[in-house]
Amino acid sequence: MSSKKPLIVFEGIEGSGKSTLAQFVSIFLNKKKIKFVKIREPGGNKNSEKIRKLILNKKNIFNPFTDLMLYFAARSENIENVIKNNYNKKIIILDRFIDSTIAYQHYGMGLNKSLIININKELLKKIKPTLVFINIVNKTNLKKRLKLRKNRNRYDNFKINFYQKVQRGFLKISKNKPNYVIIDSNKKLIENKKKVLNHITKLLK
């Protein structure tokens, strides 16, 4: 499976190193002068970033369903304003995407899985991730990394067993899917960078 203009997603719980690897790939593509777009979810464009602030603000307490709708609102803005315009034209790197919604809102918070899948289908239409990296982290490193965070948002303050539930959700989602790659972030970063780069260079050949 190769694609010159893939949509590459980095998924995983807090502290799993997904953003670090997404940034590393951006630097690599910049050096190679390969055109790409990098966005994060929630966020990614002006409207989605406003919604992100709302979702992640520690002072806000939303019920899980409201949270879900806000995530979908941010994604809808992203798809209309960024992803559709660049899909199959440039490489798209996403720091979180549709699997995060299933992992957090269904496996973590118990919301209806088929509802989430159906709304995602409606939003994405023909858009599909080419390659998905699922970053995992053990309990010890998760605790350590969360402690080191200076600016903790609302999603950095859940109990550890919530994150573990979500991580198990990510692993269930990725099971038996050939375009999913598990990245063990407990290993050395240099090893994981090599692994990610191997998969991406194969795609771009």
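Where a number appears in this text, it was derived from the coordinates with a stated rule and is not lab data. Owing to the predicted nature of the structure, the values given are computational and were not obtained by experimental measurement. Cβ sites come from the backbone with ideal geometry, for glycine too, and all protein chains shown count toward neighbours.
Filter the range 32-88 for residues that are buried (at least 19 other Cβ atoms within 10 Å of the Cβ), under 17 Å from PRO129 (Cβ atoms) and hydroxyl-bearing (Ser, Thr, Tyr) and give the result.
TYR71
Keeping to the range 136-166, report how many residues are of a type in the set (D, E, K, R) and closer than 20 Å to GLN105 by Cβ.
Count: 4.
Considering the range 67-124 alone, what residues qualify as being under 23 Å from LEU29 (Cβ atoms), part of a helix (DSSP H, G or I) and among the β-branched types (Val, Ile, Thr)?
Those that are under 23 Å from LEU29 (Cβ atoms), part of a helix (DSSP H, G or I) and among the β-branched types (Val, Ile, Thr): ILE79, VAL82, ILE83, ILE98.
Does LYS195 fit the bill of being in contact with a helix residue (DSSP H, G or I) (Cβ under 6 Å, 6 or more places away or on another chain), assigned to a helix (DSSP H, G or I), charged (D, E, K, R) and surrounded by 15 or more Cβ atoms within 10 Å (Cβ to Cβ)?
Against the criterion (in contact with a helix residue (DSSP H, G or I) (Cβ under 6 Å, 6 or more places away or on another chain), assigned to a helix (DSSP H, G or I), charged (D, E, K, R) and surrounded by 15 or more Cβ atoms within 10 Å (Cβ to Cβ)), LYS195 does not qualify.
Any chance you could count how many residues in the range 131-156 are touching a Lys or Arg at 6+ places or on another chain (Cβ under 8 Å) and part of a helix (DSSP H, G or I)?
3
For residues in the range 26-50 being under 11 Å from LEU94 (Cα atoms) and among the β-branched types (Val, Ile, Thr), which is farthest from the chain's Cα centre (by Cα)?
VAL37
Any idea which residue in the range 160-192 is farthest from ILE34 (Cα to Cα), counting only those that are assigned to a helix (DSSP H, G or I) and of a type in the set (Phe, Trp, Tyr)?
Selected residue: PHE162.
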